[in-house]
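Below: one structure, written as structure tokens.
The values are calculated or read from the model by the stated rules, or taken from the named source; none is laboratory data. Since the model is a prediction, treat every value here as computed from it, not as a measurement. Cβ: placed from backbone, ideal geometry, glycine included. Neighbour counts: every protein chain shown. Side chains are part of the model used for accessible areas, which takes the heavy atoms of the whole protein and leaves out ligands, DNA and RNA. Shrake-Rupley method; radii C 1.70, N 1.55, O 1.52, S 1.80 Å.
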Amino acid sequence: MTMIDSKSAAALDRLHEAMAAHVAKDELPGMVTLVGRGKDVHVDAIGAMAFGSDEPMKRDTIFRITSMTKPILALATMMLVDDGVLKLDEPVDRLLPELADRKVVKRIDGPLDETVPARRPITVEDLLTFRMGHGLILEPTFDPPFPIVLAAKELDLVMGPPDPRTPHDPDEWIKRFGTLPLMYQPGERWQYNTGSLVLGVLVARAAERPLAELFRTRIFEPLGMNETGFSMPADKTRRLPSNYMTNYATGKMEEQTTSGPSLWAKPPVFPSGAAGLVSTIDDYLAFARLLLDEGIHDSKRLVSQKSVQLMTTNHLTPEQMASGGPILGGQGWGLGMAVVTAPDEVSSVPGRYGWNGGYGTFWFNDPSQSLIAIAMSQTSDILFNGTMNEFAKLAINS
């Protein structure tokens, strides 16, 4: 931690007090936060690894970052675009022939055999912007029992939550996915999650290496992200906190056991580009700083400035932003991450970008302030009960 002035120190004290109050009220057992401007980085570890535990949260605690995997996948994709291996406007058919000649259901709640031809192929950019024509259905309820939703469940594709994991390897997964029609025409609508699952398969094929190896050689090793991956040595799994979420039927906080430590001691069958990574707050800082520095790390360019700009610029129409419902929350979407397009309750200046993870992790960069803000817990509730909005406001003003 570097020296900070008294005004910033007071603001960081307010941030600590606010987050510690949530822990004291048993809304979560603990968390780690980070606020960074340039070389000034403040990290705060609060509370414990589990309810009823004496083991404290630490700066090097390893977290399941779930959907904060998506921006990392987008970065890997843009590195391949820089290399000339991929083009954003190219159809995915070359690398994913399983998805050629798509059909689209006539009605989102209709039979799977009532379809029309897709007006155009799915492109690489469609996957990055979540406009491929398939994803989570938010209305009338989350993943309603429509035929296309039930068919994906019968195929064990696991299109939504990261756990339980799909039992299929990437080739089998994309083969099964390819038997389904699309929900909407490519480019028509923003829909969460599926684009990253498909993109992970495509990127590995484009790079001619497993996704884990691509991430390691192109991103993690150059950035020194030594604690980030799809799995970890068994002796490190003790550094994973317990995972909690409120059961809204009972109103009680419950420990979630589908992502226990033993699961992370071996590589997954399907490395999920949507939600498959674990990381630490300092590792994710290295990734966030690369984007804030527009692709340069330690005076070396790892990705082009143009690619970073494409990642962090909104690509959606106002109608597509509105269709994102509570997941997108009225924000725009760049490539693999949300982008704030107008002043909001957190900041008077647009341009903030980042994303969160459904198990209770949160990140944004604010280029207007050269600010990086990260909060990591393993309690999903903090994403929905206002805690992260409070964190964002206090971090902006620190």
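Take the Cα gyration tensor of the range 212-318, multiply each eigenvalue by 5, square-root it, and list the three semi-axes largest first, rounded to whole angstrom. If you can, show how the numbers build up before the last one.
Details: eigenvalues 184, 84, 32 Å².
After diagonalising the Cα gyration tensor, the semi-axes are 30, 20, 13 Å.
Run lengths n ≥ 4 of DSSP H only: what is the helix-derived mean residue ellipticity at 222 nm for the chain, with -39500 (n - 2.57) per run over all residues, to the nearest 500? Please list the in-between numbers first.
On the way: 12 runs with 113 residues, N = 398.
Counting only the DSSP helices, I get -8000 deg cm²/dmol.
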>> Using the basic label-point model (7 angstrom from Cα toward the beta carbon), what is the ALA151 to ALA24 distance in nanometres?
In response: 5.5
> In what order, largest first, do SER8, SER299 sit by accessible area if the probe radius is 1.4 Å?
Replying inline: SER299, SER8
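Strictly over 21 Å apart at the Cα level, which of LYS87/LYS306; LYS153/LYS252; LYS58/LYS236; LYS58/LYS252; LYS25/LYS252 would you flag in this model?
Working: LYS87/LYS306 14 Å; LYS153/LYS252 28 Å; LYS58/LYS236 14 Å; LYS58/LYS252 26 Å; LYS25/LYS252 14 Å.
Correct reply: LYS153/LYS252; LYS58/LYS252.
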>> How large is the direction-averaged shadow of the alpha-carbon convex hull of the chain, in nm²?
In response: 18.7
> If you line up the Cα atoms of the range 258-386 on their principal axes, what length do they span on each, largest first, in Å?
Replying inline: 43, 39, 24
> Among ARG218, ARG131, ARG352, whose mean-square fluctuation peaks in a Gaussian network model of the chain (Cα, cutoff 10 Å)?
Replying inline: ARG218
> To the nearest 10 degrees, how steeply does helix 387-396 sit against the main Cα axis of the chain, on a 0 to 90 scale?
Replying inline: 70
> Under a no-solvent Debye model with one identical scatterer per Cα of the range 121-250, what's log10 I(q)/I(0) at q = 0.14, 0.23 Å⁻¹?
Replying inline: -0.80, -1.41
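Leaving out ligands, DNA and RNA, and with a 1.4 Å probe, what % of the accessible surface on the chain is carbon or sulfur? Mind showing how you got there, number by number?
On the way: 8680 of 16730 Å².
Roughly 52 percent of what the probe reaches on the chain is carbon or sulfur.
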> For the range 167-208, what ratio Rg/Rh do Cα atoms give with a Kirkwood hydrodynamic radius?
Replying inline: 0.99
> Quick one: of the DSSP bridges fully inside the chain, what percent are antiparallel, nearest 5?
Replying inline: 95
> ³J(HN,Hα) across the range 99-107 via Karplus (A = 6.51, B = -1.76, C = 1.60, θ = phi - 60°), whole Hz, x for Gly/Pro?
Replying inline: 10, 6, 6, 5, 10, 10, 4, 5, 10
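What accessible area per residue comes out for the range 47-151, rounded to a whole number of Å², with a 1.4 Å probe? Don't skip to the end; give the middle numbers.
Working: 4450 Å² over 105 residues.
I get 42 Å² per residue for this part.
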>> Quick check: the angle from helix 6-24's long axis to the longest principal axis of the chain, C-alpha only, nearest 10 degrees?
In response: 70
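Please give the charge dipole size of the chain, origin at the Cα centre, charges +1 on K and R Cβ atoms and -1 on D and E Cβ atoms. Round to the nearest 20 debye. Intermediate values should be presented prior to the final figure.
Values: 38 positive and 49 negative charges, 100 e Å.
That gives a dipole near 480 debye.
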> To the nearest 10 degrees, how steeply does helix 194-207 sit against the main Cα axis of the chain, on a 0 to 90 scale?
Replying inline: 80
> Across the Cα atoms of the range 8-59, what radius of gyration and what greatest pairwise Cα-Cα distance (Dmax) are found, in Å?
Replying inline: 11.8, 37
> Taking amide H positions as placed 1.01 Å from N in the peptide plane, with prolines and chain starts having none, which residues 5 or more places from THR115, or on another chain, fall under 5 Å of its amide H?
Replying inline: LYS106
>> Taking R0 as 25 Å, what FRET efficiency do you get between GLU114 and VAL269 from their Cβ-Cβ distance, rounded to the nearest 0.05?
In response: 0.15
>> Give me the one-decimal nm value for the distance between modelled label points at ASP143 and ALA322, 7 Å along each residue's Cα-to-Cβ direction.
In response: 2.8
>> Starting from the 7 Å offset along Cα-to-Cβ, what nm value, one decimal, do you get for the label separation of ARG301 and ASP101?
In response: 4.3
> Where the centre of each part is set by its Cα atoms, how far does the range 7-40 sit from the range 243-307, in angstrom?
Replying inline: 20
